[in-house]
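**Student:** Handing you a structure now.
What follows is calculated from the coordinates using simple rules that are stated; it is not laboratory data. Given the structure is predicted, the values throughout are model-derived calculations rather than measurements. When we count neighbours, we look across all protein chains shown, and the Cβ atoms used for this are built from the backbone with ideal geometry, even at glycine.
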Amino acid sequence: MLRRAVLLYIGVLSLLCQSAFALTDDELYQFTPADKEFLSQFNITDLGALPEAPDNKWADNEDAANLGKALFFDNRLSKNQQVSCSHCHQPDKYFTDGLAHSNGIGQTRRSAPSILGIAYSPWMFWDGRRDSLWAQALGPMEHPDEQGLSRGELARNVLEYYPAEYEAIFGKPKQPSLDLNDISLPASPAGSAEAQSNWNKLDSDEQDAVNRIFTNVGKALMAYQRKLKLPPAPFDQFIDALNDNNIEQAKSLLTPSQVRGLRLFMGQANCSSCHNGPLFTNHEFHNIGAPEANVEHVDLGRFEGVSLLREDEFTCLSSYSDASSDQCKEMRFLKVQGPELVGAIKTPTLRNVAATAPYMQAGQFETLQQVLAHYNKPTPPYYDRKQHPSRPHFDVLPLNLQETDLQDIEDFLHSLTSPLPAGDHWWPVGETGSQEITP
């Protein structure tokens, strides 16, 4: 981590020393050895192995991944039998839905971010209110505006639709006396008064048995999402060409405008201070002063996310995690207060950004041009002393770039779009409905 930070600093200094507009087209494609080493940190091939997942012992289980894929595309796992995970995370849209506010059973408050590369992030959702992919998957299942099923209903449905597959992976439920066909549904500690009342009729062992099935569903979905791999984009191929000293090939991959944008992105515009690494994100939280989507209900971002996280029953530290407490460092050393949390939103990946509009957590910007215009001349975060716990911290400074500079950066961002895969079992382009399990 320290070496990457040092290389980031040195690389930015190197690129800052050159003005893209002072270079001829041929000179644009000339990079120093230090530049190449720095830029290689952004290559998708530098992403490395998936992070270990001690909280999910089935994270890399092939059978769990296949079950997770079937669950991901199964419309039956919703109240109206019409909404699956893939309803908002559509494979042909890089696992987004192209909406400012995603629509499940109802309309959500925020947009659906891409799940490509999400296995490398320690925090889930725009506010980081869940600390694992398996815990994240459980939220939409029960949310009334998303899939709208109680955990009791979900447990019953999964054991009805996938009995053999579930048992082969997770074994039989540990509470043999629990008959999900006999309990009153919906049943959940969250949700409607009816769901909570029915939940309270279950004894603690029965509640735990339902929660085990519920969390195992999340762990299968996590195993599936860890299978999603990003194909190289033109940018990655460009870096490979530079490292091979194949300038002609490099010229065929990125236009002069895109190379100027690359130099600005990494240098003068300082975009790479937050959008760094192979996924172009630091996985951290920042308030960049994006317009408030709803001034009557301000988005407190990480401040609210931390509060929800500390109350969550399914963290790495919970009894449903497969990790020991000393393996849960993110939770043990969680930052829980400070004005920099107020309104701070997780830095999104810029992979495929040109193909995944609109932008920000609630689609406040429709185009990349609008995003860049905001960064060029940002406005301070909206502040309402009745809603905000403190005045929000502001994380950006004006770029004061020329319009031509902004266009070059926008052109560069298009080079981060990977081709949609063909024949990828895990990334079935065009599929949004129920899937059969493939042995």
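**Student:** How much length, in nm to one decimal, is gained on full extension between H297 and L159, taken as 0.36 nm per residue of separation minus their Cα-Cα distance? Don't skip to the end; give the middle numbers.
**Tutor:** Details: separation 138, 0.36 × 138 = 49.68 nm, distance 3.89 nm.
Length gained between H297 and L159: 45.8 nm.
**Student:** Using a Gaussian network model of the chain whose springs link C-alpha atoms within less than 10 Å, name the residue from E52, E410, E284 with the highest mean-square fluctuation.
**Tutor:** E52
**Student:** Return the loop-located trypsin sites (Lys or Arg not before Pro) in segment 347-416 (DSSP other than H, G, I, E, B) with at most 10 other Cβ atoms within 10 Å of their own Cβ; answer none if there are none. Present the calculation step by step, with values, prior to reporting the outcome.
**Tutor:** Working: sites: R351, R385, K386; in loops: R351, R385, K386.
Filter output for segment 347-416: R385, K386.
**Student:** Next question. Which residue, R310, R110, R302, tops the fluctuation ranking in a GNM of the chain built on C-alpha contacts under 10 Å?
**Tutor:** The residue with the greatest mean-square fluctuation here is R310.
**Student:** Calculate, in nm to one decimal, what R76 and S273 gain on full extension: separation in residues at 0.36 nm each, minus their alpha carbon distance.
**Tutor:** Fully extending the segment from R76 to S273 adds 66.6 nm.
**Student:** Divide, for segment 118-209, the radius of gyration over alpha carbons by 2.2 N^0.38 Å, where N is the residue count.
**Tutor:** 1.18
**Student:** What is the sum of charges, Lys and Arg at +1 and Asp and Glu at -1, for the other residues whose Cβ falls under 12 Å from the Cβ of D205?
**Tutor:** Counting the neighbours of D205, the net charge comes to -1.
**Student:** Lys and Arg at +1, Asp and Glu at -1: add these up for the other residues within a Cβ distance under 12 Å of D395 and post the number.
**Tutor:** After counting each charged neighbour, the total is -1.
**Student:** Can you tally the net charge around F125? Count Lys and Arg as +1, Asp and Glu as -1, for every other residue whose Cβ sits under 13 Å from the Cβ of F125.
**Tutor:** Cβ neighbours under 13 Å give a net charge of 0.
**Student:** Could you tell me how many degrees, from 0 to 90 and to the nearest 10, lie between the Cα long axis of helix 2-16 and the main elongation axis, the longest principal axis, of the Cα atoms of the chain?
**Tutor:** Here the helix axis deviates by roughly 40 degrees.
**Student:** Provide, as a two-decimal number, the C-alpha radius of gyration of the chain over 2.2 N^0.38 Å, N being how many residues it has.
**Tutor:** So the chain has a normalised radius of gyration of 1.03.
**Student:** Still on this structure, please answer the following. Return the Rg/Rh ratio of segment 62-225 with Cα-based radii and a Kirkwood Rh.
**Tutor:** In segment 62-225, Rg relative to Rh is 0.95.
**Student:** Taking 22 Å as R0, compute the FRET efficiency from the Cβ-Cβ separation of K229 and D92 and round it to 0.05.
**Tutor:** 0.85
**Student:** Additional query: Under a cut-off of 25 Å between alpha-carbon atoms, report the lysines in cross-link reach of K219, not counting same-chain residues fewer than 8 places apart.
**Tutor:** K57, K69, K79, K93, K172, K174, K227, K229, K329, K346
**Student:** Next up: How much FRET efficiency would the formula 1/(1 + (r/R0)^6) give for Q369 and A193, where r is the Cβ-Cβ distance and R0 is 45 Å, rounded to 0.05?
**Tutor:** It comes out at approximately 0.40.
**Student:** Among H297, H143, H275, which one shows the biggest mean-square fluctuation in a GNM of the chain, springs joining Cα atoms closer than 10 Å?
**Tutor:** In the Gaussian network model the winner is H297.
**Student:** Order these by the 10 Å Cβ neighbour count, fewest first: S40, S111, S86. Walk me through the intermediate numbers first.
**Tutor:** On the way: S40 18, S111 25, S86 21.
Exposure proxy ranking, most exposed first: S40, S86, S111.
**Student:** For segment 62-225, calculate the relative contact order in percent as a whole number, restricting contacts to Cα pairs under 8 Å that are 6 or more residues apart.
**Tutor:** Answer for segment 62-225 is 29 percent.
**Student:** Determine, from the Cβ-Cβ distance of E27 and N246 and an R0 of 22 Å, the FRET efficiency 1/(1 + (r/R0)^6), rounded to the nearest 0.05. Mind showing how you got there, number by number?
**Tutor:** Values: r = 17 Å, r/R0 = 0.76.
For R0 = 22 Å, the calculated efficiency reads 0.85.
**Student:** Could I ask something else about it? Order the peptides 398-404, 255-261 from the highest to the lowest mean number of other Cβ atoms within 10 Å of their residues.
**Tutor:** For the peptides 398-404, 255-261, the packing ranking is 255-261, 398-404.
**Student:** Compute the long axis of helix 403-414 from its Cα atoms, compare it with the longest principal axis of the Cα atoms of the chain, and write down the angle in degrees, 0 to 90, nearest 10.
**Tutor:** Here the helix axis deviates by roughly 50 degrees.
**Student:** Translational diffusion coefficient, Stokes-Einstein: compute it for segment 255-333 using the Kirkwood radius over C-alpha pairs as Rh, at 20 °C and 1.002 mPa s, and state it as an integer in µm² s⁻¹. It would help to have the intermediate numbers written out before the result.
**Tutor:** Numbers: Rh = 16.3 Å.
Rounded to a whole number, D works out at 131 µm²/s.
**Student:** Sketch the reach of a paramagnetic label on L308 as a point 7 Å from Cα along Cα-to-Cβ, and name the residues of segment 111-138 whose backbone nitrogen lies under 12 Å away.
**Tutor:** Only 111, 124-131, 136-138 fall inside the zone, counting backbone N under 12 Å.
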